[in-house]
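Here's the structure we're looking at; comments come further down.
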Amino acid sequence: MTPIPASQLLEALQWRYATKVFDPNKKIPADTWDALEESLVLTPSSYGLQPWKFLVITASALRESLLPHAYRQRQVADCSHLVVMTVKSKICEADIDRFMHRIAEVRGGTPDALAGFKRLVLGDVVHGERGQWAREWAIRQAYIALGQFMAACALLGVDTCPMEGFVEEKFDEVLGLAEHGLTTAVLCPAGYRLETDRYAGLPKVRFKPEDMIERR
């Protein structure tokens, strides 16, 4: 892999902003979206467990039905692709077994050879103290995916808007998540900013690096 220039990374991050107004007529090309979906799949997670499912919603009627439960923020309906990042409400042994089988499938060997690793994970996120707040732990993991997705989008010239402004219970209800043991963690509409969006060109307001970064 050839690294991109540092200047290119910073240019993309300077360009990125939490888009207020999407152009509903501009759609993300299929090949670009395929890469962005893969960036979601490639997100790192604790133990590699991936305690999430990413719902990609493009159906206009469904997005309009979600709009009242996102405080009528039009980004939900006007973006090209709405990513609803959901997580498991509870982590159980079956989830760990599924992951062990996937490791064996990808890397070779057998799930039995991973017995020690399985005990470690079970003792932490299922039977251990962290298992008591596994849902909150999974939501924190989802924010890793959110950050990776937004950075990937910026590098490909795609706009995003991370959103916590929604009614979780209503999203879960409309999307039928409870029956799958899932709950909504965070939203991320993606698409292209409207050219007349007056917020797009405003300078970013950030504290100076020396105020935010301490080297030791």
Counting only pairs 8 or more residues apart or on different chains, how many lysine pairs in the chain have their Cα atoms under 29 Å apart? 18
Using the scaling law 2.2 N^0.38 Å as the reference, what is the normalised Cα Rg of the chain? 1.14
Relative to the present Cα-Cα distance, how much length would full extension add between Met212 and Thr2 at 0.36 nm per residue of separation? 72.6 nm
Any idea what the dipole of the chain comes to, in debye rounded to 20, about its Cα centre with Lys/Arg Cβ at +1 and Asp/Glu Cβ at -1? 420
Could you give the length gained on full extension between Lys20 and Tyr71, defined as 0.36 nm per residue of separation minus the Cα-Cα distance, in nm? 17.0 nm
Anyone know which of Arg193, Arg98, Arg107 comes out most mobile in the 10 Å Cα GNM of the chain? Arg107
P(r) over all Cα-Cα pairs of segment 15-58, 5 Å bins from 0 to the longest distance, whole percent per bin, short to long, reads 5, 14, 19, 23, 20, 12, 6, 2, 0
Peptide ranges 131-139, 1-9, 179-187 listed from the most packed, as the mean C-beta count within 10 angstrom indicates: 179-187, 131-139, 1-9
Which of Leu155, Ala61, Ser45, positive extreme of dipole for the chain (C-beta unit charges): Leu155
Between the alpha-carbon centers of segment 149-216 and segment 49-125, tell me the distance in whole angstrom. 18
Out of all DSSP beta bridges in the chain, what portion is antiparallel? Express it as a percent rounded to 5. 95
Among the helices of the chain (complete DSSP H runs), which have Cα atoms covering no less than 24 Å along the helix axis and a Kyte-Doolittle mean of at least -1.0? 134-155
Residue separation times 0.36 nm, minus the C-alpha to C-alpha distance between His180 and Ala59: what's the value? 41.5 nm
The set of residues whose placed amide H lies less than 5 Å from the amide H of Ala185, leaving out same-chain residues fewer than 5 positions away, is Met85, Thr86, Val87
His127 to Val167: FRET efficiency via 1/(1 + (r/R0)^6), r the Cβ-Cβ distance, R0 41 Å, to the nearest 0.05? 0.80
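Quick note: the coordinates plus some simple rules give every number you see, no bench work behind them. On a predicted model such as this, the values are computed, not experimentally measured, just so you know. Here Cβ is always computed from backbone atoms with ideal geometry, including for glycine, and neighbour counts include all displayed protein chains.
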